DNA sequence: CAGAATCCCGCCGGATACTG
DNA sequence: CAGTATCCGGCGGGATTCTG
């Protein structure tokens, strides 16, 4: 992601939101209320500290999340979506709609909530 | 993809178009002219037969491409996008636009064509 | 021409333990 | 509370070879 290469913009986008956990995190933060590290972890349920901190770090590096650190003890850090990230939500909604249509078409007895991020996605 | 699971529709969508080669293939076929196996391979350049046939097969299984086989010798097979796939192109365009904006923002001396699929994506 | 079969490697992501 | 450090297995994808 940080090399200066000619790259397909779609693949660039998928690189930013790709991987197993970034999308669920973005969905969680889409509610527009800053969330603490522990709260995100609790919502996602089975993510490890390793994966969560790494995913958040990469999302931050790509300008997707704001990290606000309060210098208190015990530590408190809040994460929220950047405006750039919010601009992606529209496209994600289209993906969700398309995905739902396909799921309904292929196998017509499926419930279509987002299990991982526990939200509407 | 074929298990009957509650699944996030966005992740379902990314599952369908995910992987290294499916997106370039879709971009190629987006021109709306059916393409032969060999033509796709030639355009993509460095894809192996393994990856191309596997990607096409999975795309077909997920209702993304039509496979038209002419029973002649030597074999001739043409691939094209299904209507379902075409419904995704709008969302892909949004992804491309967002990706371009980000690329321009982060590193402002980059050309933004799609190197892999040789098309406008 | 349009693939299938096999073998193999890198790395994404998981488990566990530790810390300011 | 909010993370690091280290080790490790599985699997996505590549190289090569073969065929109807």
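Can you tell me which condition residue A:23 does not meet? The list is (1) within 14 Å of chain B (Cβ to nearest Cβ); (2) modelled with pLDDT under 95, and all the others hold.
With (1) within 14 Å of chain B (Cβ to nearest Cβ); (2) modelled with pLDDT under 95 applied to residue A:23, the lone miss is (2).
Scan B:94, B:64 and give me the residue that is away from DNA strand D (no atom under 16 Å from the Cβ) and either modelled with pLDDT under 95 or within 14 Å of chain A (Cβ to nearest Cβ) (or both).
On inspection, the qualifying residue turns out to be B:94.
What residue, among those in region B:79-91 that are closer than 18 Å to residue B:24 by Cβ and surrounded by fewer than 19 Cβ atoms within 10 Å (Cβ to Cβ), is farthest from the other protein chains (Cβ to nearest Cβ)?
Going through the qualifying residues, I end up with B:80.
Tell me, yes or no, whether region B:62-78 has at least one residue that is within 12 Å of DNA strand C (Cβ to nearest atom), closer than 23 Å to residue A:20 by Cα and exposed (fewer than 13 other Cβ atoms within 10 Å of the Cβ).
no
For region B:12-32, name all the residues that are over 11 Å from the mean Cα position of the chain (by Cα) and in contact (Cβ under 8 Å) with a residue 12 or more places away in the chain.
Once the filter is applied, which keeps residues that are over 11 Å from the mean Cα position of the chain (by Cα) and in contact (Cβ under 8 Å) with a residue 12 or more places away in the chain, region B:12-32 yields B:13, B:15, B:31, B:32.
The values are calculated or read from the model by the stated rules, or taken from the named source; none is laboratory data. Since this is a predicted model, take the numbers as computed values, not measurements. Counting neighbours? That spans all protein chains shown, and the Cβs are built from the backbone with ideal geometry, glycine included.
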